[in-house]
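Below is one structure, written out as structure tokens, with a few remarks after it.
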Amino acid sequence: MQTNFTLAQLADPDTAASEKILRACVHCGFCTATCPTYVLDGNELDSPRGRIYLIKDMLEHDRPATADVVVHIDRCLSCLACMTTCPSGVHYMHLVDHARVHIENTYDSPPFERLLRALLAWLLPYPQRFRLALLAALPAKPLAPLLDAIGFKRLAAMLRLAPWRGPQRPRGPQTFLAVGARKGRVALLAGCVNDVLAPQINAATIAVLTRHGIEVVLAKGAGCCGSLVHHMGRDDEALAQARANIDAWTALEGLDAVVINTSGCGTTVKDYGFMLRTDPAYAERAARISGLAKDVSEYLVALPLEPVQDLPQLTVAYHSACSLQHGQRVNRQPKELLAKLGFAVKDVPDGHLCCGSAGTYNILQPDFARRLRERKVGTIEGLRPDVIAAGNIGCITQIAAGTKLPAVHTVELIDWATGGACPPALRAS
Ligand code: SF4
Ligand code: SF4
């Protein structure tokens, strides 16, 4: 695609990176077929190609974002299915990230929208605040249908996603020693919502790693990966959260990996090198941390895992989170691990399409998110599985809100098969 940026514009490293991406696009439109929002509404402006044109026009003319641009960029899930499909290697993720920052800096959004985003950015990355918010949401949960009916769809979406049981206290920094001879040492990103919403995921991750000789460290000072605010265009906050994690993990000696069990976070940590490439104090360490980042399935696949208990013959519908399959190109490892441990694994039809979770998308875009969830749940239930497995807490929460089937993290099944406890969602079903 031909571009018309001035030399002065190209002096900005973000604009220079976006220009390179735009030039790679040959507007063939292959990406439209796999874009969830285009599949839902058939609007070219809700397709990757349409959004690329909108972003190009906005950046080239260096003008504030318009309401029309914001509508279509906000509807983008950042699922990155378009990147998997694109034959020209267009790095849509970096382009839309840049566009979101431009929108955040130039668009005067309505006061309620600004307030809601500020609230989410203040709440979600901080486990203690998030826990208190969930406690407050518990008694209000039954009001979700009423709020929906009178038009407060986003509040209703938040209440629906809150669990019925009380939230847990997040784990503090600590070290979990390897069982037997130590064969490795990793930092685990505990995540900002994982411990509060589903502490069994980190518990299973720690159990399976330590049982196989890997020491696990929850580093002092590490916190949210930054992706929640990054996807809202709040760059300063996202970079501050990234720097805090880099400081925390580089202070640890002898790490083999930074293990991440929430694939949305994994995609962001693997991008720290790019996000901080122009920061002389962090560029090198950020690139090193990105190089060390591994999804838990990528790390576990290299360990000699064997089933040690006779489990019931279970059919697992494996939902491949977008951030794992498109963002990190991790496809085979989770399924290989489950199959090796005795589970019958089924791929979900149209598995390239997002479930509608996408960070805060299911709160900010409740209608699109609901339609994507209904579609996803329909394809999953058609497989008649015993259990749904996914590698991302966002997908697990989103899908579980639309089905009676138990939904668990892949690592919970791996831990169970290798000697750990049965996942709570399976015990309850
Ligand atoms: S598939 Fe790639 S090159 Fe083709 S329109 Fe989409 S982004 Fe551009
Ligand atoms: S990231 Fe997903 S929703 Fe956004 S344009 Fe690409 S395929 Fe469509």
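The values are calculated or read from the model by the stated rules, or taken from the named source; none is laboratory data. Since the model is a prediction, treat every value here as computed from it, not as a measurement. Glycine also receives a Cβ, built like all others from the backbone with ideal geometry; neighbour counts cover every protein chain displayed. For accessibility, only protein heavy atoms count, side chains too; no ligands or nucleic acids. Shrake-Rupley method; radii C 1.70, N 1.55, O 1.52, S 1.80 Å.
Helix 48-60 against the longest principal axis of the chain: what's the angle in degrees, Cα atoms only, rounded to the nearest 10?
On a 0 to 90 degree scale, this one is about 50.
Label Ala33 and Ala11 with points 7 Å out from Cα along Cα→Cβ: what is the distance between them in nm?
4.5 nm
Translational diffusion coefficient of the chain at 10 °C, 1.306 mPa s, Stokes-Einstein with Kirkwood Rh over Cα pairs, in µm²/s as a whole number.
Translational D for this selection: 72 µm²/s.
Apply 1/(1 + (r/R0)^6) to the Cβ-Cβ distance of Arg169 and Lys220, taking R0 = 22 Å, and write down the FRET efficiency to the nearest 0.05.
Between Arg169 and Lys220 the formula returns 0.80.
About its Cα centre, what dipole magnitude does the chain give when the only charges are +1 on Lys and Arg Cβ and -1 on Asp and Glu Cβ, stated in debye to the nearest 20?
Here the chain has a charge dipole of around 1020 debye.
If you rank Lys220, Lys141, Lys404, Lys153 by how much accessible surface each has, with a 1.4 Å probe, what is the order from largest down?
Putting Lys220, Lys141, Lys404, Lys153 in descending order of accessible area: Lys404, Lys220, Lys153, Lys141.
Placing +1 on the Cβ of each Lys and Arg and -1 on the Cβ of each Asp and Glu in the chain, which of Ala390, Val408, Leu7 has its Cα farthest towards the positive end of the resulting dipole?
Result: Val408, furthest along the dipole toward the positive end.
First compute the accessible area of the stretch 265-419 with a 1.4 Å probe, then give the percent of it belonging to carbon and sulfur atoms.
About 49 percent, which is the carbon plus sulfur part of the accessible surface.
Helix 92-106 sits at what angle to the longest principal axis of the chain, using alpha carbons and giving 0 to 90 degrees rounded to 10?
60 degrees
Compare Asp57, Asp108, Asp310 by solvent-accessible area with a 1.4 Å probe and give them largest first, with all protein chains kept in place.
So, going from the largest accessible area down, we get Asp310, Asp108, Asp57.
Only residues of the stretch 122-166 count here: report those whose backbone N is under 15 Å from the spot 7 Å along Cα→Cβ of Phe112, or say none.
Within reach of a label on Phe112, which here means backbone N under 15 Å from a point 7 Å along Cα→Cβ, the stretch 122-166 contributes 147-158.
Between Ala118, Ala238, Ala321, which gets the highest mean-square fluctuation from a Gaussian network model of the chain, Cα cutoff 10 Å?
Looking only at Ala118, Ala238, Ala321, the biggest GNM fluctuation is shown by Ala118.
Report, in listed order, any pair from Lys294/Lys340; Lys183/Lys346; Lys294/Lys376 with a Cα-Cα distance greater than 24 Å.
With Cα atoms farther than 24 Å apart: Lys183/Lys346; Lys294/Lys376.
Given R₀ = 45 Å, FRET efficiency for Thr278-Glu374 by Cβ-Cβ distance, to 0.05?
0.60
Give, rounded to the nearest 20 debye, the magnitude of the charge dipole that the stretch 1-142 has about its Cα centre when Lys and Arg contribute +1 at Cβ and Asp and Glu contribute -1 at Cβ.
Using only the charged Cβ atoms, the result is roughly 560 debye.
Per DSSP helix of 4 or more residues, -39500 (n - 2.57); summed, then divided by the residues of the chain. What does that give at 222 nm, rounded to the nearest 500?
Mean residue ellipticity, 222 nm, calculated: -14000 deg cm²/dmol.
Could you compute how much accessible surface Ile150 exposes when probed at 1.4 Å, giving the result in Å² to the nearest 10?
Its accessible surface works out to 100 Å², give or take rounding.
Taking the alpha-carbon set of the stretch 66-154, what are its Rg and Dmax in Å?
Calculated on Cα positions, Rg and Dmax stand at 17.1, 51 Å.
About its Cα centre, how strong a charge dipole does the stretch 44-88 have in debye, to the nearest 20, once Lys and Arg get +1 and Asp and Glu get -1 at the Cβ?
Result for the stretch 44-88 is approximately 120 debye, rounded to the nearest 20.
Return one whole number: the accessible area per residue of the chain in Å², for a 1.4 Å probe.
Dividing the accessible area of the chain by its residue count gives 42 Å².
Restricting to Cα pairs below 8 Å that are 6+ residues apart, what does the relative contact order work out to for the chain? Please round to a whole percent.
Once divided by the residue count of the chain, the mean separation gives 14 percent.
For the pair Arg182 and Val308, what calculated FRET efficiency results from E = 1/(1 + (r/R0)^6), where r is the Cβ-Cβ distance and R0 = 22 Å, to the nearest 0.05?
After rounding, the FRET efficiency stands at 0.60.
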